[in-house]
Each structure stands twice: as C-alpha cells, then as structure tokens.
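Below: one structure, written as structure tokens.
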Amino acid sequence: MQSKVLLIYTGGTIGMNRNPQTGALEPFDFEHLLQNVPELKQFDTEISTYQFSPPIDSSDMSPRLWTDLSHVIADRYDAFNGFVVLHGTDTMAYTASALSYMLENLTKPVIFTGSQLPIGQLRTDGKENLITSIEIAGAKDETGRALVPEVGIYFGGHLLRGNRTTKQSAEEFNAFESFNYPHLVEAGVNMVYHRDRILQPDWEKPMTPHFRLDNNVIIFSLFPGIREDLIRHIIHTPNLKAIVMRTFGSGNAPQSPWLLNALKEGTRNGKVIVNISQCMQGAVEMGRYDTGYHLQEAGVVSGYDSTVESAVTKLMFLQSHYDDPEEVRAMMRRSIRGEISL
C-alpha cells in the first residue's frame, strides 16, 4: 500500500531565493520549491503539502509556533504515514526537541530537515536532504509499521534523534550531530536502519498530543570571573521557574560560597536548576569531583548527557504539566523520550 507523507514548510534556507537587488535571501512560494525538485514525482509515495504563511525565519521560532506545528501534525495524524518538516537550521534542534515531548507515544516519523544552501542553487544540499527525509518518513517494516516512529533530524546522510541533536556548523553540509547518541539511520548507497537504537512506542495506544508549554526558564553559562550580583539577579527573577546552568567539564562549577548559597536559595524558593555540561560530548557526573558534589548538595539536578536544547524544552513541557517543582526535578532525572542515557 502506497505511503502518504505530509510535507510541512515552516520556512528556512531550503525554501529561499536570492533577491537580485539586495543579494539577501528571501522566502518564496512553496510550489516553487517543489518545482526545483522534479525527482519527487518519481516517488512511490503520495506527498501532500502544508505551508506556514508567512514562512518563519527560524530565529523567530517560539513556543507558540511549536504549538501550531503540533496542531498541524495532530489534526492530520490519522491521514498520513509520516511527516517531513522543512525548518531553518538555527533553531531546528530546539523545535525537534520540543516536538518530541509534545507528541507522546509517537507511532509515525516526524522528520525535520532543511539545507545550508537554497534548493534553487546548483550546489544545494537541500535536494538530497528532502528526498531522503521523505523516503524515511514513508518507510515501513514487514508488518506495515513505521520504521522510525520518533522525531528525528535528517541532515548530511544521517538521521539523528531530534532531542539528542545540536547544530555543529554554520558552514558544512554536515550541520548537525548527536554527540551522545549514535545515528538512527545511515543513508549511503543503501539505507541502513539501526532498529536497536530507534524508540518503540506502545503500538496498542494512540499518540497523545500536548499543546501547552511554560517558557519561564533561562539558560546561563558559567565562566571564570562570573559576577555574584548578576547570578543573584537571575536567581531572584520573578516568575522564573527553572534554570539550565551550563557548567564546566563533567558538571563542575566554581566553589565560591556565594555561588553555592545563591543556588541553594534558588532551590529553596522552588526553582529547578539543571546542570548541563558546556562540552559537546560527555555527561554530567556531579559525584566525580568535589566541585560537582557541592552543586548536588545545593539541590542542583543532573542533566546527564542532555543537550541544552533538549533540557530547556523538556523543562517548558514539564512545567506546563506539574506545579510542584519536586515533580519536575524527578521527571528531569528520568528519560521520557530517549533524551538522556541513564
């Protein structure tokens, strides 16, 4: 039976054209994008399209737009075998992470892709990314179930778990990597699906969409010389519920008494503080060094090997569901969509 895939264009470089007067990239009509990829007509897949109007520069992406995207997928979920989302690269990892939490028990692929060069340019990477993403979105196993029932990012020959992925380059075609989790699919001469790495839903239950997010969260990075007054200002921000704190190495921070006291105070006041390493690869191990151990004593929660994008969107999701910060802390210590290794 022929697969049906919904192609959703939110915006991004893949669907842009160069203005002959200014030389700047501007969005153009989605139909023009499809005309640039005549290969789509050769697919044994029925492709339908949906376009965000106006297209969104990914720098302007927001929780409201993530909710809109979740609605687009949820409202059409039963009509399609898979979904491909064309998205700008700058915030793609944030959107893919958010959608992984918002679409619970996902039984169909939601594949994010885009390009570093517009699809109308001769050397574009957009064609291969788009064509392979559609193939993965429509792929089924011998029982007719989706081969990749999760949110992924396809770029540069690899499918990566969406909530494990970070943009690593603004220049290379291989723009994304999931440093702490292996690739789900390798697209070479043959398509290699690593089934043991792919999430498996409860096939007997439906997908449950969620549309609420609470973005009372902030990210800050520690650095040598960070000022006490600025940290205290952040800790005392009204309405702030959670902090993603980017620390050194395996989760270490300066042992300044004022910093530990400020973090303790924040925890006592109900703020959830999550420890994420500034390193691209590796995990937070707060018991490894004395400096990390003191953070643990201050009530800071380990982010394990989570990406920053995943941690901040997971907090937005959890805060919209749980009023008790202790419940949010407990859920941050659990893998709910394959986002951390425990």
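The values are calculated or read from the model by the stated rules, or taken from the named source; none is laboratory data. No experiment lies behind these values; they were computed from the predicted model shown. Cβ sites come from the backbone with ideal geometry, for glycine too, and all protein chains shown count toward neighbours. Calculation scope for accessible area: heavy atoms of the full protein, side chains included, ligands and nucleic acids excluded. Shrake-Rupley method; radii C 1.70, N 1.55, O 1.52, S 1.80 Å.
Miscellaneous remarks
- Cα gyration tensor shape of the range 200-251, rounded if a/c is under 1.5, else prolate or oblate by comparing a/b with b/c: oblate
- Exposure check, 1.4 Å probe, all protein chains in place: residue 236 carries approximately 100 Å² of accessible surface.
- Extension gain for residue 37-residue 256 works out to 73.1 nm (0.36 nm per residue, less the C-alpha to C-alpha distance).
- Modelled label positions at residue 191 and residue 46, each set 7 Å beyond Cα in the direction of Cβ, lie 1.9 nm from each other.
- Long pairs among 205/241; 205/271; 264/314, criterion Cα-Cα beyond 24 Å: 205/241; 205/271
- Rounded to the nearest 500, the 222 nm mean residue ellipticity of the chain from helices alone is -8000 deg cm²/dmol, with -39,500 (n - 2.57) taken per DSSP H run of at least 4 residues.
- In the context of the full protein assembly, residue 229 retains an accessible surface of approximately 80 Å², using a probe radius of 1.4 Å and ignoring ligands and nucleic acids.
- Ligands, DNA and RNA are left out, and with a 1.4 angstrom probe the accessible area of the range 160-232 is 57 Å² per residue.
- Rounded, prolate or oblate (a/c below 1.5 giving rounded, otherwise prolate when a/b exceeds b/c) for the range 100-148 by Cα gyration tensor: oblate
- Residue among 52, 248, 223 with the largest mean-square fluctuation in a Gaussian network model of the chain, springs linking Cα atoms under 10 Å: 223
- Straightening the chain between residue 323 and residue 71 buys 88.3 nm, computed as 0.36 nm per residue apart minus the Cα-Cα spacing.
- Fraction of accessible area attributable to carbon and sulfur, the chain (%, probe 1.4 Å): 49 percent
- Under the Karplus curve 6.51 cos²θ - 1.76 cosθ + 1.60, θ = phi - 60°, whole-Hz ³J(HN,Hα) for the range 220-231, x wherever Gly or Pro sits: 9, 9, 6, 7, x, x, 4, 8, 4, 5, 6, 4
- Rounded to the nearest 20, the size of the Cβ-charge dipole of the chain about its Cα centre is 520 debye, with Lys and Arg at +1 and Asp and Glu at -1.
- Here the relative contact order of the range 74-171, from alpha carbon pairs under 8 Å that lie six or more residues apart, stands at 33 percent.
- Cross-link reach list, aspartates and glutamates versus residue 4, counting only Cα pairs under 14 Å and skipping chain neighbours closer than eight places: 44, 46, 78, 135
- Amide H contacts under 5 Å for residue 279, placed H, 5+ residues apart: 249
- Solvent-accessible surface (1.4 angstrom probe) belonging to residue 333, in square angstrom, nearest 10: 100 Å²
- From the C-alpha gyration tensor of the range 191-308, square roots of 5λ in Å: 31, 20, 12
- 4 °C / 1.567 mPa s Stokes-Einstein diffusion coefficient of the chain, Kirkwood radius on C-alpha pairs, µm²/s: 62 µm²/s
- Potential lengthening between residue 221 and residue 170 on full extension [0.36 nm per residue; Cα-Cα distance subtracted]: 16.2 nm
- Averaging the sequence gap over all C-alpha pairs within less than 8 Å and six or more residues apart, then dividing by the number of residues, gives the range 151-272 a relative contact order of 16 percent.
- Summarised in one figure, the compactness ratio Rg/Rh of the range 267-322, Cα atoms and Kirkwood Rh, is 0.99.
- Working note: Cα gyration tensor of the range 79-123, eigenvalues times five, square-rooted, sorted largest first, giving semi-axes of 24, 14, 5 Å.
- Mean Cα-pair separation over length for the chain, i.e. relative contact order, pairs under 8 Å, 6 or more apart, %: 15 percent
- Distance between modelled label sites at residue 293 and residue 230, nm, 7 Å Cα→Cβ extension: 3.0 nm
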